Amino acid sequence: MSFDFLIMLVKKPPIIVVLGHIDHGKTTLLDYIRKSKIALSEAGGITQKIGAYEIEFNGEKMTFIDTPGHAAFNTLRERGVKIADIGILVIAADEGVKEQTKESLIYLKSANLHFVVALNKIDKKEADPQRVISQLIELEVIPEKFGGQIPVLEISAKTGQGVDDLLETLILLRDIYDLKVETERLGTGYILETIKDPKRGFLASAIITEGQVKYGDFIITLSSFCKIKIFEDDLGQKIDVAFPSKPVLIGNFEILPNVGDSFIVGKKEDIEKIRKELEEKEEAVKRRYIIGERKEGLENFEGYLLIIKADHLGSLEALENIFEKIAKENNLNFKIIKADLGQITTEDIKLAKDFNAILISFNVKNPKQIIDEIKNLNIKFFESNIIYKIEEEFADFLKGKEKEEVIKGELEVLATFSQTRTKKTIGGRVVVGSLKLGQRVKIIRENNIVGQGRIISLKRNKIPTEEVKEGELCGLIIETSKEIFQGDRIRV
Ligand SMILES: Nc1nc2c(ncn2[C@@H]2O[C@H](COP(=O)(O)OP(=O)(O)O)[C@@H](O)[C@H]2O)c(=O)[nH]1
Ligand SMILES: [Mg+2]
């Protein structure tokens with residue numbers, strides 16, 4: 001039984017986010033859709049980049065989040081906020097599943113986001129969609145054709161092949177999952193990007209998520225407010241009113257708001273009250289993921305107690321999902337007795353000791369004294385920086401398989417030369433063992449592993465060689481996306 005007629009829910013133009021591995025074609029796809037689906041001549045405007053854009057396809061509107069590297073999207077995600085309704089996971093059909101593909105999948109699943117897979121670059125002769133589909137099935141992403149839930153489409157962001165089918169699928173998903181929104185109420189939304197313009201003052205782009213926002217409205221965020229005197233769409237055209245999912249440019253802010261802030265339309269005299277409301281909204285998001293110390297009811301618990309510390313709310317959410325999955329698949333019992341943000345504290349260590357819990361640290365750098373204390377007290381400690389590897393690493397950890405790492409070779413970086421996105425040219429001296437061409441290496445900075453890569457070129461006295469030994473100087477190219485600095489260690 002639906003009460004739509006009481007609160008006037010209407011179909012929501014879906015907000016779409018494009019995710020996937022670098023160079024698999026996210027930007028090309030966003031550009032293609034923008035160029036081919038915005039009737040510029042009709043609008044008479046010039047697209048302005050405001051972090052998101054709106055298109056109309058078969059009479060249906062939809063909004064694509066479009067910031068470079070999705071900076072605003074990531075900020076929102078780190079704060080545990082979800083604005084996207086549907087994800088497009090772009091995978092280059094010639095390269096297949098890569099690290100960031102797996103990361104994106106973990107995010108899509110933990111955020112419970114509906115998504116489609118776009119097998120891109122289908123125009124290339126190396127494209128092998130069947131192979132990618134097998135990889136997906138291995139990752140438990142089951143395409144519709146194989147009885148699963150996930151639409152998988154072949155596209156070319158370059159030629160546009162399959163893009164209309166993709167857009168149709170997005171609308172279909174909106175309808176299947178019945179995404180609706182309330183419009184007859186005061187507007188709310190999120191700040192995407194902020195702009196300081198010498199002529200127009202403090203501006204921000206935003207997405208409306210509920211209700212409506214009108215020219216002249218007063219909007220309030222936690223850190224700023226604005227009587228709207230500039231109100232434009234992504235084509236730079238003046239608008240009077242904006243409904244949910246619409247990306248807009250808002251001007252006349254008192255000071256620049258923060259990216260990721262939510263806003264509410266209100267009255268100036270209600271600022272204090274509304275800010276309290278906004279604070280409570282943020283608190284509520286936090287409370288969903290942060291678990292204070294839970295020491296009750298553990299007497300008869302059989303299984304592993306976990307204490308999780310992570311870099312941000314988005315990670316906590318993903319971790320809680322991952323541990324749930326590990327527990328289910330391996331018939332294990334986990335209970336999280338604390339989940340919080342930041343470094344490990346002495347309180348965390350005490351809690352771990354008192355309850356013999358496993359202390360888990362994700363993507364935070366802990367002070368040396370803390371690590372020493374953990375070792376001294378023999379606390380069970382699991383650390384990781386790579387979300388998609390946790391499942392495997394944690395399984396190994398539990399099996400006690402963590403063998404002491406044997407260092408076969410290590411080089412001290414004495415100089416860095418050209419650094420492209422994927423290749424770093426460096427020079428250095430071998431300080432332990434030897435390094436060989438083709439070996440996989442870890443990049444170590446201040447005793448922490450900060451990245452991985454492979455030696456794809458090795459030269460001694462400018463002459464290519466297979467191996468360099470302790471004490472020798474050499475030049476090498478490491479295939480890695482990580483930047484390498486003088487003083488880093490390259491470890492085999
Ligand atoms: N042949 C072909 N090349 C593509 C296609 N989509 C993207 N590319 C190319 O792949 C490279 C990376 O694309 P880009 O959109 O920057 O990837 P992003 O890092 O995911 O944003 C660029 O050189 C694109 O021209 C496609 O469908 N076919
Ligand atoms: Mg890009």
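Pairs of Cα atoms under 8 Å, at least six residues apart: use those to get the relative contact order of the chain, whole percent.
11 percent
Short version: ³J(HN,Hα) in whole Hz for each residue of the range 162-179, in order, from phi by Karplus 6.51 cos²θ - 1.76 cosθ + 1.60 (θ = phi - 60°), x for Gly and Pro, what are they?
After applying 6.51 cos²θ - 1.76 cosθ + 1.60, I find x, 5, 4, 4, 4, 5, 4, 4, 5, 5, 4, 4, 4, 6, 4, 8, 6, 6 Hz.
Counting every Cα pair in the chain, what percent are over 45 Å apart?
Across the chain, Cα pairs with separations above 45 Å total 22 percent.
Explain nothing, just compute: Karplus ³J(HN,Hα) = 6.51 cos²θ - 1.76 cosθ + 1.60, θ = phi - 60°, for every residue of the range 281-288 in order, whole Hz, x for Gly and Pro.
Per residue, the Karplus-derived 3J(HN,Hα) values read 4, 5, 4, 4, 4, 4, 4, 5 Hz.
Based on Cα coordinates alone, diagonalise the gyration tensor for the range 416-492, multiply each eigenvalue by 5, take square roots, and list the semi-axes in whole Å, largest first.
17, 14, 11
Have a look at the range 278-318 and give its Rg and Dmax from the Cα atoms, expressed in angstrom.
Gyration radius and largest Cα-Cα distance of the range 278-318: 13.2, 40 Å.
Across bins of 10 angstrom width beginning at 0, how are the C-alpha pair distances of the range 192-259 distributed, in whole percent?
Going out from 0 Å in 10 Å bins, the range 192-259 shows 22, 62, 15, 0 percent.
Among 259-269, 312-322, 298-308, how do they line up from the highest to the lowest mean number of other beta-carbon atoms within 10 Å?
For the peptides 259-269, 312-322, 298-308, the packing ranking is 312-322, 259-269, 298-308.
For the chain, with the dipole built from +1 on Lys and Arg beta-carbon atoms and -1 on Asp and Glu ones, taken about the Cα centre, which of Gln486, Ala92, Ile374 lies farthest toward the positive end?
After comparing all options, I get Gln486.
Percent antiparallel among DSSP beta bridges with both residues in the chain, to the nearest 5?
Given both bridge residues lie in the chain, the antiparallel proportion sits at roughly 70 percent.
Go through the range 308-325 residue by residue and turn each phi into a ³J(HN,Hα) via Karplus (6.51, -1.76, 1.60, θ = phi - 60°); whole Hz please, and just put x for glycine and proline.
With coefficients 6.51, -1.76 and 1.60, one gets 10, 10, 9, 6, 7, 4, x, 5, 4, 4, 4, 5, 4, 5, 5, 5, 4, 5 Hz.
Tell me the label-point distance for the pair Glu391, Asp165, using the 7 Å Cα-to-Cβ offset, in nm and rounded to one decimal.
2.7 nm
Please express the Cα-Cα pair-distance distribution P(r) of the range 310-387 as a list of whole percents, one per 10 Å bin, running from 0 to the bin with the greatest distance.
With a bin width of 10 Å, the distribution comes to 17, 51, 29, 2.
With n ≥ 4 as the cut-off for DSSP H runs, can you work out [θ] at 222 nm for the chain, using -39500 (n - 2.57) per run divided by the number of residues, rounded to the nearest 500?
Roughly -8000 deg cm²/dmol at 222 nm, from the helical runs in the chain.
In Å, what Rg and Dmax follow from the Cα atoms of the range 319-476?
For the range 319-476, the Cα-based Rg and Dmax read 19.6, 59 Å.
Size of the dipole of the chain about the Cα centre, Lys and Arg at +1 and Asp and Glu at -1 on the beta carbon, nothing else charged, in debye to 20?
Here the chain has a charge dipole of around 1320 debye.
Tell me, what % of the accessible area of the range 349-492 is carbon and sulfur with a 1.4 angstrom probe?
Ligands and nucleic acids excluded, carbon and sulfur give 48 percent.
The values are calculated or read from the model by the stated rules, or taken from the named source; none is laboratory data. Just so it is clear, the structure is predicted and the values come from calculations on it, not from any experiment. Every residue, glycine as well, gets a Cβ built from its backbone with ideal geometry; the counts of neighbours run over all protein chains shown. Areas reflect the complete protein model, heavy atoms only, side chains present, ligands, DNA and RNA absent. Shrake-Rupley method; radii C 1.70, N 1.55, O 1.52, S 1.80 Å.
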